[in-house]
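Data block below; observations after.
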Amino acid sequence: MNVLITGASVGFGKEIAKVVCEKIKDSNFILLARRGELLKEVESELKAIRSDVKVELIVSDVLDFANLESKLKDKTIDVLVNNAGLALGQDLAQECSFKDWERMIDVNVKGLSFMTNLVLPGMVKRNNGHIINLGSTAGSYSYAGGNVYGGTKAFVEQFSKNLRADLLGTKIRVTNIKPGLCEGSEFSLVRFKGDKSRVKDTYNNANALTPKDIAEAIYFALSQPARVNINSIELMPVTQASAGLKVIKNEL
């Protein structure tokens, strides 16, 4: 089983690789991320888990389409994990930077779409494959400051459903993983642009999910019998729930 993971150097991507390597004994990996030194560390960890694992590293931005096409177009990919993504800021829409919005759309929508478009024809030709998209509860539940980030994750949810419709009649599976509050990755550090105090406030006493929780959910989807497609898995810590509708009772 050849597994391609984007955003594989840290956080979810790294933990997904480790869990799959340990539990699926014939798994080999193509790991894609921008930071080569961190990718090499992940490779070492995988080889410590299983000495026979084959690992190929691709140092690239997920938006470097020409480079990725040249390196991946002839690869046999059995599992694509579209993990690369980010949030930038949590300001109200009227206070946001359009550059931040544009970057989120580029990575979360265009990057994920490109990788799928690149890998999917080979899966269809072989009539075999599984696409795992990393969505978010932010794509299902609105909150102040979620604006474009939530919009990009709503795209991931609908795109995943539409892929299933397009692939009906094939053996290819599509799963959308939708985590809630999750600690232990660089997500909030990137979102708050290095403000460690805001990161600390986000997770303080929250007993949040961990990247391993997400990786185990992905392994669950991968390990089902071929007749079973897990459409989506939404997971939150027990300390989190959707908040419902908010009402402002003052006169406007």
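Within the stretch 24-70, the set of residues being of a type in the set (S, T, N, Q) and either over 17 Å from the mean Cα position of the chain (by Cα) or at pLDDT below 95 (or both) comprises Ser27, Asn28, Ser44, Ser51, Asn67, Ser70. A residue that is under 15 Å from the mean Cα position of the chain (by Cα), under 21 Å from Phe114 (Cα atoms) and hydroxyl-bearing (Ser, Thr, Tyr) can be found somewhere in the stretch 4-17. Which of the residues that make up the stretch 115-143 are within 16 Å of Leu63 (Cα to Cα) and crowded, with 18+ Cβ neighbours inside 10 Å? Across the stretch 115-143, the qualifying residues are Met115, Thr116, Leu118, Val119. So Phe192 fits all but one of (1) in contact (Cβ under 8 Å) with a residue 60 or more places away in the chain; (2) under 29 Å from Leu222 (Cα atoms); (3) not basic (Lys, Arg); what number is the exception? The single condition Phe192 does not satisfy is (2). Among the numbered conditions (1) in contact with an Asp or Glu (Cβ under 8 Å, 6 or more places away or on another chain); (2) modelled with pLDDT under 95, the only one that His130 does not meet is (2). Can Glu95 be described as within 18 Å of Thr6 (Cβ to Cβ) and acidic (Asp, Glu)? Spelling it out, it is not the case that Glu95 is within 18 Å of Thr6 (Cβ to Cβ) and acidic (Asp, Glu).
Taking each residue of the stretch 54-76 that is touching a residue at least 40 places away in the same chain (Cβ under 8 Å) and closer than 17 Å to Phe29 by Cα and looking for partners that are of a type in the set (Lys, Arg) and surrounded by 13 or more Cβ atoms within 10 Å (Cβ to Cβ) with beta-carbon atoms closer than 8 Å, six or more apart or interchain, yields Thr76/Arg126.
The listed residues are Glu102, Glu95, and the only one of them that is modelled with pLDDT under 95, under 24 Å from Tyr149 (Cβ atoms) and of a type outside the set (Val, Ile, Thr) turns out to be Glu95. For the stretch 158-165, the condition holds for at least one residue, the condition being that it is among the hydroxyl-bearing types (Ser, Thr, Tyr), closer than 19 Å to Val107 by Cα and part of a helix (DSSP H, G or I). Considered as a group, the residues in the stretch 198-248 that are assigned to a strand (DSSP E or B) and among the aliphatic types (A, V, I, L, M) include one that is farthest from Gly11 (Cα to Cα), and that residue is Ile233. In the list Lys153, Lys196, Lys249, Lys161, which residue meets the criterion of being out of contact with any His (no Cβ under 6 Å at 6 or more places or on another chain), buried (at least 19 other Cβ atoms within 10 Å of the Cβ) and among the charged types (D, E, K, R)? Only one candidate passes the filter, namely Lys153. Filtered by the rule that a residue be touching a residue at least 60 places away in the same chain (Cβ under 8 Å) and assigned to a helix (DSSP H, G or I), the stretch 125-152 gives Thr137, Tyr149, Thr152.
The values are calculated or read from the model by the stated rules, or taken from the named source; none is laboratory data. Everything numeric in this text was worked out from a predicted model, so none of it was measured. Because the Cβ atoms are built from the backbone with ideal geometry, glycine has one as well, and the counts that use them run over all protein chains shown.
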